[in-house]
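Trainee: Take this structure, written in structure tokens, and hold onto it; I'll ask about it next.
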Amino acid sequence: MSTTFHRTKAAEAIVELRALPRPSEVPQRPKSLPADSITILEELFQPREVDEHNISLLTRAVRTHGALTPVVVWAAGDKVYLLDGHHRMAAYE
């Protein structure tokens with residue numbers, strides 16, 4: 001993926017996010033979310049390539065130790081976006 005393409009997709013994603021309605025009040029934050037409720041925009045929030053070796057190491061860690069460090073998400077409109085933890089999310093899948 002070229003840098004120009006990556007920046008263009010990121011700019012489009014930012015415009016889309018800014019257009020989402022903002023909640024009138026801050027909702028109660030859940031302690032956990034189903035993985036399928038988290039929207040992943042790799043072109044915006046994952047600046048580096050996905051490393052399959054790292055994912056396999058994390059998958060092994062999940063099987064051995066259980067849950068990993070929580071991922072970081074951001075609620076915008078009626079969606080929740082993954083900000084940090086793309087490799088961990090892939091390991092859980």
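The values are calculated or read from the model by the stated rules, or taken from the named source; none is laboratory data. Computed from a prediction, not measured in an experiment: that's the story for all the values here. Cβ sites come from the backbone with ideal geometry, for glycine too, and all protein chains shown count toward neighbours. When the accessible area is computed, the model is the full protein with side chains, heavy atoms only, and any ligands, DNA or RNA have been set aside. Shrake-Rupley method; radii C 1.70, N 1.55, O 1.52, S 1.80 Å.
Trainee: Just one of (1) more than 19 Å from Leu20 (Cα to Cα); (2) more than 15 Å from the chain's Cα centre (by Cα) trips up Ala90, so point out which.
Mentor: Looking at each condition in turn, Ala90 falls short on (2).
Trainee: Among the candidates Ile40, Ile14, single out the residue that is among the β-branched types (Val, Ile, Thr), surrounded by 13 or more Cβ atoms within 10 Å (Cβ to Cβ) and at pLDDT below 90.
Mentor: Numbers: Ile14 fails: surrounded by 13 or more Cβ atoms within 10 Å (Cβ to Cβ).
Testing whether each residue is among the β-branched types (Val, Ile, Thr), surrounded by 13 or more Cβ atoms within 10 Å (Cβ to Cβ) and at pLDDT below 90 leaves just Ile40.
Trainee: Also, quick follow-up: Within the set of pairs 6 or more residues apart or between chains, which connect a residue that is within 30 Å of Pro21 (Cα to Cα) inside the range 60-75 to a residue that is acidic (Asp, Glu) and surrounded by 11 or more Cβ atoms within 10 Å (Cβ to Cβ) with Cβ atoms less than 8 Å apart?
Mentor: Val71/Asp84; Val72/Asp84
Trainee: If Met1 passes every condition in (1) modelled with pLDDT of 80 or more; (2) in a loop (DSSP other than H, G, I, E, B); (3) open to solvent by 70 Å² or more (accessible area, probe 1.4 Å) but one, which one does it miss?
Mentor: Every listed condition holds for Met1 apart from (1).
Trainee: Just give me the residues in the range 43-58 being surrounded by 17 or more Cβ atoms within 10 Å (Cβ to Cβ) and modelled with pLDDT of 80 or more, in sequence order.
Mentor: Within the range 43-58, Ile55, Leu58 meet the criteria.
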